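Here the structure is laid out as structure tokens; the discussion comes afterwards.
The values are calculated or read from the model by the stated rules, or taken from the named source; none is laboratory data. The structure presented is a predicted model; accordingly, all values stated were derived computationally and were not measured. Virtual Cβ from ideal backbone geometry, glycine too; neighbours counted across all protein chains shown. Accessible surface areas use protein heavy atoms only, side chains included; no ligands, DNA or RNA. Shrake-Rupley method; radii C 1.70, N 1.55, O 1.52, S 1.80 Å.
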Amino acid sequence: MSFVPIAEVFVRPREAGSVVGWRAGETVTWAAFRARVAALASRLDSDAVLACEKPLNFLAALLALWSRGRQALVPPSLQPAAVSAIAGRALRDGDVEAATGSSELALPPAAQCRLALYTSGSSGAPKRVDKTLAQLDRELENLHALWGDVLARSAVLATVPHHHIYGLLFRLLWPLAAARPADEATSVDPVELRAAAAQRGRHVLVSTPAHLDRFPGLLALSQWHRPEMIFSSGGPLAAPTAALYRGAFGAAPVEVFGSTETGGVAWRRRDGAADEEAWRPFPGIAVSVDEEGALVLDSAYLPSRDWRMDDAATLLGDGRFVLRGRLDRVVKIEGKRLSLPELEQRLQSHEWVEAACAVPLPAPLRLGAVVVPTREGAAALQRLGARATGEALRRHLAPAFDATLLPKRFRFVAALPVSERGKVVPQALAKLFTRGA
């Protein structure tokens, strides 16, 4: 299993004609990619904001900045307002493709290659998270130790953007370190994915729970070209969805739990067993639980030890853990504490509910629930109407929650509103309750 730390990619030998990836059907070789990085590096003299929509240009710009000892700044999205909100020169696709010239390529020590990722904070203001290549290389080594044998015979296809930590690691940096080709296309349509898979042959798929949940309804899994492995991150994959892929391909997707701040924390692959909910920490990560039930990490990826997460967890005797919901999603209603994840899980135990999100609302409504119905739920909705269906779900919740904590309003939708990373958008959920009763 070939693996070269990113910090050493320009000093280790690599065949000039080896394939880095594909762009619009055209092959991008190592020689061409390296020349692009060298040309851009010769023109850089300051930190810059990475605003490249094409993944391989983004990767070239990142490496060019590092080779010049400069910091790469990554906005929360590539929308113009998000890019302009970060001070600094913006590097766009045109800048990368128009660069001419050359320079010697070698990266500084990994700890000196700096990256700042901006994430969408809960307050609406972007939150800055600083990383070094030393941290990222350690993550890549873990990924390769676990699944490098699969990647060694595969190309990489993706449904996720490249400018967030998950996409950056799984669809750009890991393939580069493993000398495996990655298709530049971001395919969010399973028909497009099938066409790409037919061209690329053996492949792994980097995706999200939102995409994986939606795809079988658009193209039956029996019509797919079987991936060697599917990775999923951005939230938990529903057990029925995991079972669907397991039935079609022989194994469920590999789920990765973590965040921009922590990097990868743990993984799991649902196998239908009673303990399939449990997560296994990545090598080098130790977990514990504090007095409030929060998961605490001792991780080489983090600048400090004893990193407290906002996720409640229960430890199992074999080193694994089970997540119990977000601690920062506990609200008080009339003086009573309510765990929104707990209420959502109870709702999802009803045969009518495929997915659910609890939404805090201003008084006097206090709480709403957005529900994606199952086929049975959709039939009940058509037969009974929204109000009576909501009342039936309230009765389902009543034995477990005080009456004041039950949702006052329900909204039924075909799918939960998600961002390009596949994460539910709270603002979009709240807007569903501004349209009358």
Original post:
Checking Gly69 against (1) closer than 14 Å to Ala98 by Cα; (2) at pLDDT 95 or above, which single condition isn't satisfied?
Top reply: (1)
**OP:** Report yes if some residue within the stretch 349-361 is open to solvent by less than 30 Å² (accessible area, probe 1.4 Å), closer than 23 Å to Gly235 by Cα and among the β-branched types (Val, Ile, Thr); otherwise report no.
**Re:** yes
**OP:** Among residues belonging to the stretch 217-238 that are open to solvent by 30 Å² or more (accessible area, probe 1.4 Å) and not small (Gly, Ala, Ser), point out the one that is farthest from Gly263 (Cα to Cα).
**Re:** Gln223
Original post:
Hey, any hits in the stretch 128-137 for a residue that's buried (at least 17 other Cβ atoms within 10 Å of the Cβ), at pLDDT 95 or above, acidic (Asp, Glu) and assigned to a helix (DSSP H, G or I)?
Top reply: yes
Subject >> Unique match (being in contact (Cβ under 8 Å) with a residue 40 or more places away in the chain and polar (S, T, N, Q)) among Thr404, Thr374 >> reply: Thr404
Original post:
Quick one: how many residues across the stretch 289-299 are part of a strand (DSSP E or B) and either aromatic (Phe, Trp, Tyr) or open to solvent by less than 30 Å² (accessible area, probe 1.4 Å) (or both)?
Top reply: 5
Subject >> Any chance Trp279 is within 29 Å of Gly250 (Cα to Cα) and either touching a strand residue (DSSP E or B) at 6+ places or on another chain (Cβ under 7 Å) or among the acidic types (Asp, Glu) (or both) >> reply: yes
**OP:** Please specify each residue of the stretch 324-366 satisfying the condition of being among the small types (Gly, Ala, Ser) and either over 20 Å from Ala428 (Cα atoms) or not in a strand (DSSP E or B) (or both).
**Re:** Gly325, Gly335, Ser339, Ser349, Ala363
**OP:** Pull up the stretch 69-112, narrow it to residues that are touching a Pro at 6+ places or on another chain (Cβ under 8 Å) and over 18 Å from Ile165 (Cβ atoms), then point me to the one that is least open to solvent (accessible area, probe 1.4 Å).
**Re:** Gly69
**OP:** Within the stretch 374-392, count every residue that is within 31 Å of the chain's Cα centre (by Cα), surrounded by 16 or more Cβ atoms within 10 Å (Cβ to Cβ) and either within 30 Å of His163 (Cβ to Cβ) or not polar (S, T, N, Q) (or both).
**Re:** 2
Subject >> Among the residues listed as Ala32, Ala64, the single one being among the small types (Gly, Ala, Ser) and open to solvent by less than 30 Å² (accessible area, probe 1.4 Å) >> reply: Ala64
**OP:** Kindly provide the set of residues from the stretch 197-209 that are buried (at least 19 other Cβ atoms within 10 Å of the Cβ) and in a helix (DSSP H, G or I), ordered by number.
**Re:** Ala197, Pro209
**OP:** Being open to solvent by less than 20 Å² (accessible area, probe 1.4 Å), of a type in the set (Ser, Thr, Tyr), within 16 Å of the chain's Cα centre (by Cα) and at pLDDT below 95 narrows it down to one of Thr260, Thr241, so name that one.
**Re:** Thr260
Subject >> Residue count, the stretch 305-323 (criterion: touching a strand residue (DSSP E or B) at 6+ places or on another chain (Cβ under 6 Å), part of a loop (DSSP other than H, G, I, E, B) and in contact (Cβ under 8 Å) with a residue 24 or more places away in the chain) >> reply: 1
Original post:
So which pairs qualify, if the first residue must be in the stretch 131-144 and farther than 20 Å from Leu73 by Cα, the second must be surrounded by fewer than 19 Cβ atoms within 10 Å (Cβ to Cβ), the Cβ gap must be under 7 Å, and the two must be at least 6 apart or on different chains?
Top reply: Arg138/Ala300; Asn142/Pro283; Asn142/Gly284; His144/Met1; His144/Phe3
Subject >> Filter result (within 18 Å of Leu133 (Cβ to Cβ) and of a type in the set (Asp, Glu)) within the stretch 38-69 >> reply: Asp47
**OP:** Evaluate the following for Trp174: is it farther than 27 Å from Cys357 by Cα, assigned to a helix (DSSP H, G or I), aromatic (Phe, Trp, Tyr) and open to solvent by 10 Å² or more (accessible area, probe 1.4 Å)?
**Re:** no
Subject >> Criterion violated by Glu184 - all others in (1) in a strand (DSSP E or B); (2) open to solvent by 50 Å² or more (accessible area, probe 1.4 Å) satisfied >> reply: (2)
Subject >> Hey, Arg375 farther than 27 Å from Asp311 by Cα and charged (D, E, K, R) or not >> reply: yes
Subject >> Residues located in the stretch 401-437, provided they are over 25 Å from the mean Cα position of the chain (by Cα) and either in a loop (DSSP other than H, G, I, E, B) or under 20 Å from Leu237 (Cβ atoms) (or both) >> reply: Phe401, Asp402, Leu406, Pro407, Lys408, Phe433, Thr434, Arg435, Gly436, Ala437
Original post:
Any residue in the stretch 86-105 that is among the hydroxyl-bearing types (Ser, Thr, Tyr) and outside any loop (DSSP other than H, G, I, E, B)?
Top reply: no
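A quick yes/no check of all residues on (1) surrounded by 21 or more Cβ atoms within 10 Å (Cβ to Cβ); (2) hydroxyl-bearing (Ser, Thr, Tyr):
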residue	(1), (2)
Gly264	yes, no
Ala273	no, no
Arg280	no, no
Ala313	yes, no
Gly325	no, no
Lys336	no, no
Ser339	no, yes
